[in-house]
Amino acid sequence: MKLATYTTDGSESRLGFLHNNTIVDMEDFGEISNFPLPNDMLELIDMGFEVIAEITDLIENTSREDLEEVSYALDVITLLAPIQKPRKNIIGIGLNYTEHVAESARTLDTTGKLPQKPIIFSKPPTTVTGPNTEVLLNTKLTQQLDYEVELAVIMAKKGKYISPENALDYVFGYSIINDISARDCRREGQWIVSKGQDTFAPMGPYLVTKDEIENPHNVNLSLKLNGVEKQNSNTKLLLFNVNALIEDLSTVFTLEAGDIIATGTPAGVGAGQNPQEWMKDGDVMEATVEGIGTLINTVRAI
Ligand code: MG
């Protein structure tokens, strides 16, 4: 199921799902199905992953006419970030594709050695922005704005010391995050100023439930800048895969329902180009992950 957070009028955010190329409103669908459903992504996740099978059954038992009553054409709604306000920082993973480790060592302050454990950083909830919004290039802070397409993992439930064998049981679904990075804002190896500025985590367009992604370790991901392909890889090349990341992260801190892990970016970032390429006002990024969609954002200099 492709879940969406959306608005019809620009003020109230609503929860829905994609069906027959329309967005069915989740709360209204619950009402016509006599099965109360929430109006918020995190509240839906809190119901447990089993709710997805129940909703799927209900859809099958609902007539097309009844579904149309509670749905909107895609061109009359605006998609928002699937989780607009995460309950805690997004967990980011650095240097998690071999080629990106190599390009970073050529041009940034990293060593080029493959990490022996995941490199963990975080992005505050205020980094989140939706599809088709502006990513702010704050010229007071940076002249080196960069893009990073990533598979994002959304957790389904609380866990500590999760074994890699059971890790996917704790996953609710997947989305796309463009891990925007200001390369000249690292401070003595600390990445949060580089990664944590407002609008630095475009997310969406959908949260795809895990049953729709047969194998999260064989998913193509790519990014175009102004129509030119810059990144193109596959999650099979992750150094630490989703299972290993969940094992490691849950050893450090308790993972909870709705937590978001941005799993790292492949090669092809602007910092790795020769000469280096930094984004400027008006640049358009298209981040695509197979099975999820394409997340489009524009750079706006302030
Ligand atoms: Mg990244």
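A few remarks follow.
- Inter-label distance, Asp9 to Leu168: 4.3 nm, where each label sits 7 Å from its Cα along the C-beta direction.
- Set of the range 278-302 residues, backbone N closer than 17 Å to the point 7 Å along the Cα-Cβ line of Glu134: 279-285, 296-302
- The range 83-112 and the range 189-226: distance between their alpha carbon centers, rounded to Å: 11
- Computed [θ] at 222 nm, deg cm²/dmol, the chain (DSSP H ≥ 4; -39,500 (n - 2.57); rounded to nearest 500): -5000 deg cm²/dmol
- Take Ser163: with every protein chain present and a 1.4 Å probe, its accessible area is about 40 Å².
- The relative contact order of the range 89-210 comes to 29 percent, based on Cα pairs under 8 Å that sit 6 or more residues apart.
- J(HN,Hα) series, the range 147-163, from Karplus relation 6.51 cos²θ - 1.76 cosθ + 1.60, nearest Hz, glycine and proline x: 10, 7, 6, 8, 6, 9, 10, 10, 6, 9, 7, 5, x, 9, 6, 6, 6
- Computed FRET value (nearest 0.05) for Lys236 with Thr298, which takes r as the C-beta separation and R₀ as 35 Å: 0.70
- For the listed residue pairs Lys236/Lys280; Lys117/Lys140; Lys158/Lys210; Lys85/Lys158, the alpha carbons are over 27 angstrom apart in Lys236/Lys280; Lys117/Lys140.
- Applying a DSSP loop filter and a limit of 10 other Cβ atoms within 10 Å to the trypsin sites (Lys or Arg not before Pro) in the range 88-142 leaves Lys113, Lys140.
- Selected from Leu255, Leu80, Leu58 as most flexible by GNM, with the chain as the system and alpha-carbon contacts under 10 Å: Leu58
- As an equivalent ellipsoid, the range 2-80 spans semi-axes of 18, 16, 10 angstrom, where each value is the square root of five times an eigenvalue of the C-alpha gyration tensor, largest first.
- Taking only protein heavy atoms and a 1.4 Å probe, the accessible area of the range 93-135 is 52% carbon and sulfur.
- The range 225-268, Rg to Rh (Cα coordinates; Rh as Kirkwood inverse mean 1/r): 1.11
- Calculated FRET efficiency for the pair Gln143/Glu43, C-beta based, R₀ 41 Å, to 0.05: 0.50
- Helix 50-60 vs. the chain, principal-axis angle (Cα, 0 to 90°, nearest 10): 50
- Cα→Cβ-extended label distance, 7 Å offset, between Gln273 and Arg106, nm: 1.3
- Portion, in percent, of the accessible area of the range 2-80 that falls on carbon or sulfur, probe 1.4 Å: 43
- For the chain, the percent of C-alpha pairs falling in each 10 Å distance bin, counted from 0 to the bin holding the largest distance, reads 6, 29, 35, 21, 7, 1.
- Inter-part distance where the range 61-80 and the range 241-260 are each reduced to a Cα centre, Å: 35
- FRET efficiency for Glu290 and Arg187, using Cβ-Cβ distance with R0 set to 35 Å, rounded to 0.05: 0.50
- Amide H contacts of Ile119 (H built 1.01 Å from N, in plane; Pro and chain starts excluded): Gly94 sit under 5 Å, all sequence-distant by 5 or more or on other chains.
- 1.4 Å probe accessible area per residue over the range 59-145, in Å²: 55
The values are calculated or read from the model by the stated rules, or taken from the named source; none is laboratory data. No experiment lies behind these values; they were computed from the predicted model shown. For neighbour counting, all protein chains shown are included, and Cβ atoms are generated from backbone atoms with ideal geometry for every residue, glycine included. Ligands, DNA and RNA are stripped out before the accessible areas are found, and what is left, the full protein with its side chains, is counted by its heavy atoms. Shrake-Rupley method; radii C 1.70, N 1.55, O 1.52, S 1.80 Å.
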